[in-house]
Amino acid sequence: MGMSVVGIQLILESVPVSNTYSLTKQRTKQLRILATRANSMDIKSTVAFVAAAAAWTMSSGNSSTDTTAKSTGAPTQCPVTGHKVEGSSGCPFSQGLPLPDPGHRCDPNSVDEFKIPDVPPLTDKQREVIKATAPVLAEHGVTITTHFYKNMIRAHPELRDVFSETAQKLGHQPRALASAVYAYAVNIDDLTPLLPVVDRIAYKHTSLHIVAEQYGIVGKHLIQAIVDILGDAVTPEIGDAWYNGYWNLAKIFIQRERDIYSAAVQAGGWEGWRPFKVAKRVKESDEITSFYLKPAEDTGKPIPTYHPGQYLGVSLNIPALGHKQARQYSLSDAPNGEYYRISVKREDGVAIPTPENPEVPNHPGWISNVLHKDLHEGDLIDVAPPYGDFFYEPSTVTPNAPLVLLSAGVGQTALLSILKSQIDNADKKITYATVAKNEKTHAFGNYIRDLEKSHKNLTFKVFYSSPGDKAVQGAHFDHHGRMNLEKIKDSLYLDDDATEYFLCGPAAFMTDKLKELSALGVDEKRVHLELFSAGELPSGN
Ligand SMILES: NC(=O)C1=CN([C@@H]2O[C@H](COP(=O)(O)OP(=O)(O)OC[C@H]3O[C@@H](n4cnc5c(N)ncnc54)[C@H](OP(=O)(O)O)[C@@H]3O)[C@@H](O)[C@H]2O)C=CC1
């Protein structure tokens, strides 16, 4: 048996790697003592991994360096095969050369990054290694994944079209990837809890038209980044375990994504991008504009349907960046066979400071501003078929169960689609509650108010967090302040065990409302929210 996660955490507590700029002799001794106490064959490599990670941090002092790991006494031959590499300065584990499959890892020319290797299932020992090294990856995960993105994009500039430039620069993407890798490591014995997350990510990937070959590129650069950052600490045993682990996980994604693509095609859709034209634009508020999209080429057939709540991937050229970017926007209308409607908030953007330029002004939201300013009626835009795991379909057991839709800001869009698809079932009670800053940013208010007048089954509640002078309470909004469920308790159908709750808006809004609903006695299983995260790194990272 390998070392337990608890064991390795103990070691990490004794040696706080991120703060360790001087790994003292005393601490090194502590490591040795702990290693001996844990009494395991595998432990040596694990402790070496931790210690070398600490040493790397100590020597570099810069967590996002672009250079490869500096190794002292780099092996000139592969530690696994003993193979000496002609024309190479040594083993990729220490020299930062590309990491091919284990049998040939010292021959950089053998790397075929588009190849999907035929890896065996993980062995018990490999699982132990992955679990035991998870805390180290948590500690260095963001450094590793930041390094990974930089190098991968440098080698494959075409991938800039796929990855969000803003999310990368803000560090959200590296953090999300590090969290996903960590979640994988700690759940390695039983991946069941991760399957909903796999599904969520697979839908996102298909809406970006990720293809199987790209997993080869990601795998090569991810494992390379682990090697670059952790250096010689990545022993062949650890390298093999993660290489094998990566590919076992990648194959789950590849298979799931293939299934999603073929289901879309079978349902009359398409794989990848298809040109649509803007049939109509409608300004919904000072911030939100709706785009009605129809296929550029009229085939005479209805466009594929979708589940209310799902989103549409769009891709367009961003002149300021010099390449394309893709985003997903919730479909804001009920499925109708004729057009897709997305309703987009124009984002002010965020500041992305760099060490060289710490005081930068906000750049505008790339996609939303181009859509608002430059996408006019008759223009073309590339569209992926509708995808997403957040949607509502009435249960076959209780099709008339009440529905409570709670949104904040532009989070309304996904719930509007659900509302419109269900409103004509007069036996279904629906509450639609939303919070906006004020009357200028509030979209769809008049439309839903009219719907409420014509449909007795609908209750509409509006909160304004900062109403303007012209907003009249009782006419434009019901409550002043952020959404507080106590104030609309009577419209939440709390006494019906079948009521379902859908939340959409900023992440903090959704987690707050989930807590409030739980406190009101609602079983969390009946609460649905659109989350994007694949898990979190342990606090402090
Ligand atoms: N499919 C999906 O899941 C979609 C998700 N979204 C997400 O929805 C979010 C909406 O953003 P946006 O329109 O910019 O929101 P805003 O920041 O403009 O906020 C809109 C309203 O929500 C209130 N609010 C914000 N946070 C909370 C909270 N924790 N509790 C209660 N009220 C809150 C704001 O109050 P105050 O004025 O006090 O800040 C404001 O009144 C985005 O983060 C976007 O990612 C959007 C579209 C679709």
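Worth pointing out:
- Other residues lying with their Cβ under 11 Å from the Cβ of ILE448 contribute a combined charge of +2, Lys and Arg counting +1, Asp and Glu -1.
- In terms of other Cβ atoms within 10 Å, PHE444, PHE163 run from fewest to most in the order PHE163, PHE444.
- Residues whose amide H lies under 5 Å from that of HIS323, counting only those 5 or more places away or on a different chain, are ILE318; hydrogens are built 1.01 Å from N in the peptide plane.
- For region 196-303, GluC sites (Glu not before Pro) meeting the loop criterion (DSSP other than H, G, I, E, B) and having at most 13 other Cβ atoms within 10 Å: GLU297.
- Cross-link reach list, aspartates and glutamates versus LYS429, counting only Cα pairs under 16 Å and skipping chain neighbours closer than eight places: GLU393, GLU452, ASP490, ASP495, ASP496, ASP497, GLU500
- Within the straight-line cut-off of under 14 Å between alpha carbons, the aspartates and glutamates reachable from LYS115 are ASP101, GLU213, sequence neighbours fewer than 8 places apart in one chain being disregarded.
- Distance violations [Cα-Cα > 23 Å] among LYS169/LYS251; LYS294/LYS456; LYS169/LYS324; LYS283/LYS324; LYS204/LYS489; LYS277/LYS461: LYS169/LYS251; LYS294/LYS456; LYS283/LYS324; LYS204/LYS489; LYS277/LYS461
- Computed label-point distance, nm, for sites ALA279 and ALA507 using a 7 Å Cα→Cβ extension: 3.6
- Rounded if a/c under 1.5, otherwise prolate or oblate - region 403-529, Cα gyration tensor axes: oblate
Any read-out appearing in this document is the output of simple, stated calculations on the displayed coordinates, not a laboratory observation. Here the structure is a predicted model, which is why all the values come from computation and not from measurement. Here Cβ is always computed from backbone atoms with ideal geometry, including for glycine, and neighbour counts include all displayed protein chains.
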